[in-house]
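Here is the structure we will look at.
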Amino acid sequence: MDYNYQKILEDIYKEILPYAEKGKHADYIPALAKVNPDQFGICLETVTGESYEYMQADTRFSIQSIAKVFALAMGLSLKGEALWKNVGKEPSGTAFNSLVQLEMEKGIPRNPFINAGAIVVADLLLTELDDAEGEFLRFVRELCGCDDVGYNMEVALSERETGYLNAAIANMLKYHGTIENDIERVLMFYFKMCSVEMSCRELAKAFLAFTNYAPFEYAGYKLSRSRIKRLNAVMQTCGFYDEAGEFSYLVGLPGKSGVGGGIIAVCPHRYSVAVWSPRLNSKGNSVMGMKALELLTTYTEESIF
Ligand code: GLU
């Protein structure tokens, strides 16, 4: 079916305006506290090459946990199914930075999209690659076709200074032997990944690789069609902290959110869509972003269900 996506995006924006002041942007990372919370952007890229955007689709923001999808893709490319030895693929039902579950489950994180799981994937990349930090950027740059996407060191260092809970998680992982490398090195790589800044347009472009289900190779990292399918399955079940069920129910697409206010979602074989607005709900997901995607799949009736 052909949709007038441009009009749909514009209508959606009008409809979500009543939510513009709801929620609060992430300020537990001091450098992110400075971000103006009253911003919104959206970009939809189709697999046939059309691009639709509205408002601040070209403003870069901190992608935070969305980076965990790129890291998982690299990890799967390098290790295949062996990646799942030290990290599960079940929804956590707990907050993204929960320590309790990790302790109960003897240092094996529930999935690669909670902080503990992403720290395990960061450790794996450090073990496998001589220059994991450089390789991560190379991969993301090739996916989105932008050479100047990079780490924001102010954000990464600010998170390192105040990242007591993530440090506790890394220590617990090390205690259980789940990670190999020096804790400080693993944490710094993890924080740097989260600090990457991209716009909605760049994110939507990058996620086309996970949308059209063609086997791909970017910067030497290959994913088969089957692995792309599985990556999307993990996004569907684990991409939204302990609100993955709600996102599935309201939106019905695989996706991933970040505390910078970004959300990326994939409509397999059709389009990828990135939306950004910094004000978050109590679960850490963008209020306007969630609402916008809910309306998108309601108006188009395009979802995986
Ligand atoms: N860097 C953030 C943290 O570790 C990522 C959180 C997120 O976006 O979910 O707290």
Cα-Cα longer than 26 Å, checked against K205/K229; K222/K291; K89/K222; K14/K89, kept in input order, equals K222/K291; K14/K89
Mean Cβ-within-10 Å packing, highest first, puts peptides 114-122, 219-227 in the order 114-122, 219-227
Using only the alpha carbon atoms of region 204-305, find the Kirkwood hydrodynamic radius as the inverse mean reciprocal pair distance, in angstroms to one decimal. 13.6
Could you state the angle between the C-alpha long axis of helix 67-79 and the longest principal axis of the C-alpha atoms of the chain, as a value from 0 to 90 degrees rounded to the nearest 10? 60
Restricting region 17-89 to GluC sites (Glu not before Pro) in coil, as DSSP defines it, with at most 15 other Cβ within 10 Å: E21, E50
Between region 1-36 and region 63-108, how far is it from one alpha carbon centroid to the other, in angstrom? 27
Between 0 and 90 degrees, rounded to the nearest ten: what's the tilt of helix 115-128 against the longest Cα principal axis of the chain? 70
Restricting attention to the alpha-carbon atoms of region 199-241, what are Rg (one decimal) and Dmax (integer), both in Å? 11.1, 30
Regarding region 1-134, what is the average projected area of its C-alpha convex hull, in nm²? 11.7
At a 1.4 Å probe, what is the % contribution of carbon and sulfur to the accessible area of the chain? 51
Give the share of C-alpha pairs in each 10 angstrom bin for region 69-130, from 0 to the last occupied bin, in whole percents, shortest bins first. 24, 56, 20, 1
Applying the gyration tensor rule to the Cα atoms of the chain (axes a ≥ b ≥ c; rounded if a/c under 1.5, else prolate if a/b exceeds b/c, else oblate), the class is prolate
Under a cut-off of 17 Å between alpha-carbon atoms, report the aspartates and glutamates in cross-link reach of K256, not counting same-chain residues fewer than 8 places apart. E45, E90, E197, E202, D242, E243, E246, E294
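The values are calculated or read from the model by the stated rules, or taken from the named source; none is laboratory data. This is a predicted model, so every value here is computed, not measured. Positions of Cβ are generated from backbone atoms using ideal geometry, with glycine treated the same way; all protein chains shown enter the neighbour counts. Just the protein is used for accessible areas: all its heavy atoms, side chains included, with ligands, DNA and RNA removed. Shrake-Rupley method; radii C 1.70, N 1.55, O 1.52, S 1.80 Å.
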